[in-house]
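**Student:** Just passing along the structure, written as structure tokens.
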Amino acid sequence: MVSAQKLLKTIIVVSVLVIGLLAYKVGPTGTLLFPLLPPLLAIVLAIVTRQVLPALFAGVWVAGLMVAGYNPVAATSKTLEWIVASASDSWNATILVFDFIIGAFVGVLYASGAIHSLASSIATKIKSSRAASLLASVLGVVIFFDDYTNTIVVGNATRPITDKTRVSRELLSYIVDSTAAPVAGIALVSTWIGYEVGLIKGGLGSIGVNMAAYAAWLQSVPFRFYSILAIILVFLAVMTRRHIGPMLKAEHRAVQEGKVLRDNAKPLMPTEEVLKVASGTRKTPGWVFIASIIALVTVTLLGIWYTGAVAVIQASKLSIPWWKVPFNEALMESDSATALLWGSFAAYLLALTASLLYRSLSFEKAMEYTLKGMYLMVYANAILLLAWSIKSGVDAVGTADYVVAAAKSIAFPAALVPLVIFLVSMFISFTTGTSWGTFGIMMPIAITMAYELASSQLDAGNPMIMTIVYASIAAVFSGGIFGDHCSPISDTTIMSSMFSGADHIDHVNTQIPYAVTAAGIGIVLYVLFAAGITSPIILLPVGIALLVITHRVLNKVTATKTSLPETVPNYVVEEP
């Protein structure tokens, strides 16, 4: 007899297929296209089967099948073409190489004992699950300038500590992910700011509004409800030790059984399984790990400054040294992927040199663990590559265009524009796995729609017109970050699993309840905005209060459903 769980999975898959098939359009060549089917199929198959690679490939192939006029041979050729194009893209290739170097870096540090030395020394000060989780959360906010750098540093730096204090990898990856894009997206200075301001500038230009784009960006920040609430929710969960959804079970498992990963989990960076180096057998001191992370961050920041400054100099045809370009100007034009590549290589060289000088590894062993470390990243990079490829597929079948056209076809009051934009941006970002892609698609539409509808429905000069525009700008960024934060095909979600050493699907499953909670409160706040409560001074406190109450209620519901205590015990490392 088919179990209830298998029956439910079958119903979910069939339902998604039906939804995907009901949403159709005729392509330019007369071919019938189903724009929602590829991303929905990939996401549901990944969650239901826990096999991410086949699920992503299926999504890419189905998109290729439509583009190729339903010729399976041509579809396979098109799929491989997209994969090769994704791998050969300059940015993507840089990230792939960077991942391999980070793997080598981790391999050398782990084998030399530096990670274990640091964990042992810090354990004398940070002895509890709550303290370790709080450390990761604070560090995630401190490293605000880039989401990729955030996932790398926070995940790698805190994993030995959280493992020792019995914090589940699911919780660590949630903390890492929730303090990456949500923080970088609202930081006054970050690698995101240039792109965001540039989009706003283009949108304002299209409606003839003479206003500094950065000023409009600042005005939008208080309306970015999702990002703000997602960050607050991290600290709320960490400090109260009350969790919702599958995270409650994961945390109880870690504390009670000492298992930071569930049985049969497949971490994207299976460090212990691949490297198989006994803890405590090496003699490289913990300061090497700290120095390597400092080198990673310092060289990355210098790289961001240098690449951005060179771009500014070339664009403006200046004849000045790169260091004379202000950092904040350079940041907006920087190549963060290249900067991360330089930073990771500097960190690897420092770790390698130290392990050789301290004679914790011979050169032969160091090269062995360099390669083993790179091997750690093969599975993660394969997922990343297919995630980029499905983006090519959904672009080809017009997924985003279909969703946008459906939203624009509905007439509604101007005050509802931020809510509609938020919902559409959420859907696009979740199904495509890209926040920046969603920003690029939605920002021109959001600014124009908000301004035109508000201008036609309100008196000229009414300040509410621009308030709706600011809230709509915020809705694009918030909705886009939602998908970047929790979609299983988002590169940031994948990298959070990777550098936290978590099973990717476990990370997605345990994080989604938190993301949906923050998004749900965000939707309520946009509804209140449409109802006439437009001041963020009122909306944000209301949202925070609702978040606290909702979190507590969901925690009680989860505890009752799973027959587990509402609060996870705060595990304290015992003195030897």
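A short reminder: the numbers here are calculations on the coordinates, not readings from a lab. Given the structure is predicted, the values throughout are model-derived calculations rather than measurements. Cβ sites come from the backbone with ideal geometry, for glycine too, and all protein chains shown count toward neighbours.
**Student:** Whole-Hz Karplus ³J(HN,Hα) for the range 362-377, in order, using 6.51 cos²θ - 1.76 cosθ + 1.60 and θ = phi - 60°, x for Gly and Pro?
**Tutor:** Coupling constants for the range 362-377: 6, 4, 4, 5, 4, 5, 4, 7, 4, 5, 5, x, 4, 4, 4, 9 Hz.
**Student:** Now for a different question. Give me the compactness ratio for the range 470-535, meaning the Cα radius of gyration over 2.2 N^0.38 Å.
**Tutor:** Working: Rg = 14.4 Å, N = 66, 2.2 N^0.38 = 10.8 Å.
The reported ratio for this selection is 1.33.
**Student:** List every residue whose amide H lies under 5 Å from the amide H of residue 567, counting only residues 5 or more places away in sequence or on a different chain, with H placed 1.01 Å from N in the peptide plane.
**Tutor:** none
**Student:** Between residue 264 and residue 556, what FRET efficiency comes out of the Förster formula 1/(1 + (r/R0)^6) with R0 = 30 Å and r the beta carbon distance, rounded to 0.05?
**Tutor:** Approximately 0.50, to the nearest 0.05.
**Student:** Here's something else I'd like to know. Just to check I understand the Karplus step: with θ = phi - 60° and J = 6.51 cos²θ - 1.76 cosθ + 1.60, what whole-Hz values come out for the range 37-42, glycine and proline as x?
**Tutor:** These are the phi-based 3J(HN,Hα) values: 5, x, x, 5, 4, 4 Hz.
**Student:** When a footprinting reagent is the concern and you count Cβ atoms within 10 Å, what order do 135, 458, 109, 340 take, fewest first?
**Tutor:** Details: 135 22, 458 15, 109 32, 340 26.
The most exposed by this proxy come first: 458, 135, 340, 109.
**Student:** Same structure, new question: In debye to the nearest 20, how big a dipole does the chain give about its Cα centre with +1 on each Lys and Arg Cβ and -1 on each Asp and Glu Cβ?
**Tutor:** Numbers: 34 positive and 30 negative charges, 247 e Å.
The calculated dipole for the chain is roughly 1180 debye.
**Student:** Right, next: So how far apart, in nm, are the two label points at residue 81 and residue 22 if each is 7 Å from Cα heading toward Cβ?
**Tutor:** Those two pseudo-labels are separated by 3.3 nm.
**Student:** Over the chain, what lengths in whole Å, largest first, do the semi-axes of the equivalent ellipsoid take, defined as the square roots of 5 times the eigenvalues of the alpha-carbon gyration tensor? All intermediate terms of the calculation are to be shown ahead of the outcome.
**Tutor:** Values: eigenvalues 273, 157, 140 Å².
Each semi-axis is the square root of five times an eigenvalue, giving 37, 28, 26 Å.
**Student:** Please state the relative contact order of the chain as a whole percent: Cα pairs under 8 Å, 6+ residues apart? Could you put the intermediate results ahead of the total?
**Tutor:** On the way: 1005 pairs, mean separation 138.3, N = 576.
That works out to 24 percent.
**Student:** Could you estimate the translational diffusion coefficient of the range 4-88 from the Stokes-Einstein equation, with Rh from the Kirkwood formula over C-alpha pairs, at 4 °C and 1.567 mPa s, in whole µm²/s?
**Tutor:** Values: Rh = 13.6 Å.
It comes out at roughly 96 µm²/s.
**Student:** Using alpha carbons only, how many angstrom separate the centre of the range 545-567 from the centre of the range 171-238?
**Tutor:** So the two Cα centres are separated by 29 Å.
**Student:** Please name which of 342, 327, 138 has its Cα lying farthest along the dipole of the chain towards the positive end, using unit charges on Cβ (Lys, Arg +1; Asp, Glu -1) and the Cα centre as origin.
**Tutor:** Most positive-ward Cα: 138.
**Student:** So what's the back-of-envelope 222 nm ellipticity for the chain, counting only DSSP H runs of four-plus at -39500 (n - 2.57) apiece and dividing by all residues, rounded to 500? It would help to have the intermediate numbers written out before the result.
**Tutor:** Numbers: 27 runs with 428 residues, N = 576.
My calculation for the chain gives -24500 deg cm²/dmol from helical runs alone.
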